[in-house]
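Colleague: Once you've had a glance at the structure underneath, I'll fire off some questions.
The values are calculated or read from the model by the stated rules, or taken from the named source; none is laboratory data. Every value quoted in this text rests on a predicted model; they were computed, and no experiment measured them. Don't worry about glycine lacking a Cβ; one is built from the backbone with ideal geometry, like all the others, and counts go over all protein chains shown.
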Amino acid sequence: MKMKTSLISITNWLALGAILSAQAVDEVEEMEKESPLLFLDQLEAEASATFGWDSIYLAEGRDDLGDGGLVYSEFAGSAGPVSIGTWYADGTDTDYNEWNLFGEIGFELADGLEAYIGYTYLAFFDSGEKSDDNEVGAGLSYAITDYLEATADYVYSFEASGSFVELAVGAPYELADGFSVAPYALLGLDFGYRTDEYNGWNHFQLGIDAEYVIGERFAIGGFAAYAFALEDIQKEEDDSGEEIGDNPAFGVFASVAF
């Protein structure tokens, strides 16, 4: 039951997933009429592989491992509006592994307004014990200006029978040729996703993502974030007697496009 990525990461700002516009629908339908093979040929397909390290497993404002960080690899691809991928992570100091398989469809609803729906299968291996979950999600993003974007993401966990919402404002900006940064502020709200005892304010997070594109295929980057615990986490601390607190995190990655 983990949202493996922060709402605004550099991979979201420079995402693989293509957006399906109304104009694109008309063009696709016209190509289908002319020739199904032509339609398939015209779909622009992309793929990438990403390898990274995070100082902690920061999820919903919490350090989910409690000791050490994690290394991960992700392989993703897109064709037209459809994106699919897989993500695997291994704890650096704990006996923990996680595997995700995900798919997403993106839409352009209006000028500057985009949306997606998605599904993720999650498998967890903690100290040799396996558990799994199925999640569905949806999100909206709106480009307020060229340098300011508002986003909202929703995920529902069938295992927890609860949902989690993240609302964020980010400011992606290209500082130099190939070098981009994206500072952001994010608010997380828990509705039975992480705790059953309290619904509402979960955490507030400030962060910045950075990426440097090398040529046409390679990129390196990283992030720094600080999550401030709000009522949901504080009540979890009171009930469990365990300290969760505020959590700083940072990480680095390298990716290659195909």
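Colleague: Among residues belonging to segment 171-185 that are among the hydrophobic types (A, V, I, L, M, F, W, C) and in a strand (DSSP E or B), point out the one that is farthest from the chain's Cα centre (by Cα).
Modeller: Ala176
Colleague: For segment 55-80, which residues satisfy the criterion of being within 19 Å of Gln205 (Cα to Cα), of a type outside the set (S, T, N, Q) and touching a strand residue (DSSP E or B) at 6+ places or on another chain (Cβ under 9 Å)?
Modeller: Correct list: Ile56, Tyr57, Leu58, Glu60, Gly61, Arg62, Asp63, Asp64, Leu65, Gly69.
Colleague: Further question on the same structure: Evaluate the following for Gly66: is it surrounded by fewer than 21 Cβ atoms within 10 Å (Cβ to Cβ), at pLDDT below 95, more than 14 Å from the chain's Cα centre (by Cα) and more than 21 Å from Gly137 (Cβ to Cβ)?
Modeller: Yes.
Colleague: Out of (1) over 21 Å from Asp54 (Cα atoms); (2) crowded, with 18+ Cβ neighbours inside 10 Å, what's the single condition that is false for Arg217?
Modeller: (2)
Colleague: Working carefully through the options Glu237, Glu197, find the one that is surrounded by fewer than 18 Cβ atoms within 10 Å (Cβ to Cβ), touching a Lys or Arg at 6+ places or on another chain (Cβ under 9 Å) and acidic (Asp, Glu).
Modeller: After applying the criteria, what remains is Glu197.
Colleague: Can you tell which of Phe158, Phe164, Phe124 is among the aromatic types (Phe, Trp, Tyr), exposed (fewer than 14 other Cβ atoms within 10 Å of the Cβ) and within 21 Å of Thr195 (Cα to Cα)?
Modeller: Phe158
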